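The values are calculated or read from the model by the stated rules, or taken from the named source; none is laboratory data. Source: prediction; values computed, not measured. For neighbour counting, all protein chains shown are included, and Cβ atoms are generated from backbone atoms with ideal geometry for every residue, glycine included.
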Amino acid sequence: MRARTKKSHSSKKGAMGSFRVIGGEWRSRRLNFPSIDGLRPTTDRVKETVFNWLASDIRDAKVLDLFAGSGSLGIEALSRGAESLTAIERDRSAVQAIRENLIILDKGGNLHTEVVQIDAIEWLKLNVNNLALTPYDLILLDPPFRQGLLDTCLEFLDNSIFLRTGSLVYLELEQERDDLQLPSNWKLLKEKIAGQVSYRLYEVGNITGNALG
């Protein structure tokens, strides 16, 4: 989970956290990220479950990781054979760490990655009419809780150029939420609860004429 307060991230100077790549080419590699208030990578247990769900779909996938935080989910996707990764994160030190970790991992210079320092909602606003953008096969959506960000993201993703029929969307949200409005053509494939977090995988149906419902 990557939770942020409404204020910008703050980090303790020199303090670092770490996460482990749990599968694929870089299995067992441990990577560092800056210690930022409210930033917590998805746990190994949840990450293992999620990528078991994605096992037959991740290879050659074009991945968008909104609210990338430590970069743990996006890097896991690359390790397991994703074709490309676009990671969106507003915190400068987090972005720098993701870029540095990708350089460390990309020994052959073959990774197709883009790490953008920008607020995720702002990025969606800027690209919602970008006809040059190719739809993503997988979107990772793990926004800070209790700020309405997930709802705003869903509005942009509904009937948008970010998705195609058959795209997958992974999202995390507060376990207690029962008012989430999802696009009517999204089919829930998998769902589990870990503590106070509900994590889910959806498949996108026909995107023509979507309506939140």
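Values computed for the structure shown
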quantity: Which numbered condition V128 misses (of (1) of a type outside the set (K, R); (2) over 19 Å from V50 (Cα atoms); (3) at pLDDT 95 or above); calculated: (3)
quantity: Filter result for L150 (without any contact (Cβ under 8 Å) to a residue 40 or more places away in the chain and either part of a helix (DSSP H, G or I) or within 13 Å of the chain's Cα centre (by Cα) (or both)); calculated: yes
quantity: So N130, is it over 22 Å from T42 (Cβ atoms), exposed (fewer than 14 other Cβ atoms within 10 Å of the Cβ) and not hydroxyl-bearing (S, T, Y); calculated: yes
quantity: Test: residue in segment 174-181 that is under 20 Å from L54 (Cβ atoms) and modelled with pLDDT of 85 or more; calculated: no
quantity: Conditions (1) under 16 Å from the mean Cα position of the chain (by Cα); (2) at pLDDT below 95: number failed by Q117; calculated: (2)
quantity: Every pair of residues 6+ apart whose Cβ atoms lie under 6 Å, when the first sits in segment 33-54 and is more than 18 Å from A194 (Cα to Cα) while the second is assigned to a helix (DSSP H, G or I); calculated: F33/A97; P34/S93; P34/A97
quantity: Residue check for S18: modelled with pLDDT of 95 or more and farther than 21 Å from K190 by Cα; calculated: no
quantity: Residue match in segment 168-182 (condition: over 14 Å from the mean Cα position of the chain (by Cα), on the phi > 0 side of the Ramachandran plot and surrounded by fewer than 15 Cβ atoms within 10 Å (Cβ to Cβ)); calculated: no
quantity: Count - residues of segment 162-205 that are in a loop (DSSP other than H, G, I, E, B) and either in contact with a His (Cβ under 6 Å, 6 or more places away or on another chain) or not aliphatic (A, V, I, L, M) (or both); calculated: 12
quantity: Top-ranked residue in segment 42-91 [being among the polar types (S, T, N, Q) and not in a helix (DSSP H, G or I); ranked as farthest from the chain's Cα centre (by Cα)]; calculated: S56
quantity: Residue within segment 106-129 that is touching a Ser or Thr at 6+ places or on another chain (Cβ under 9 Å), touching a residue at least 40 places away in the same chain (Cβ under 8 Å), more than 19 Å from R80 (Cβ to Cβ) and in a loop (DSSP other than H, G, I, E, B) present; calculated: no
quantity: V95 being modelled with pLDDT under 95, among the aliphatic types (A, V, I, L, M) and in a helix (DSSP H, G or I); calculated: no
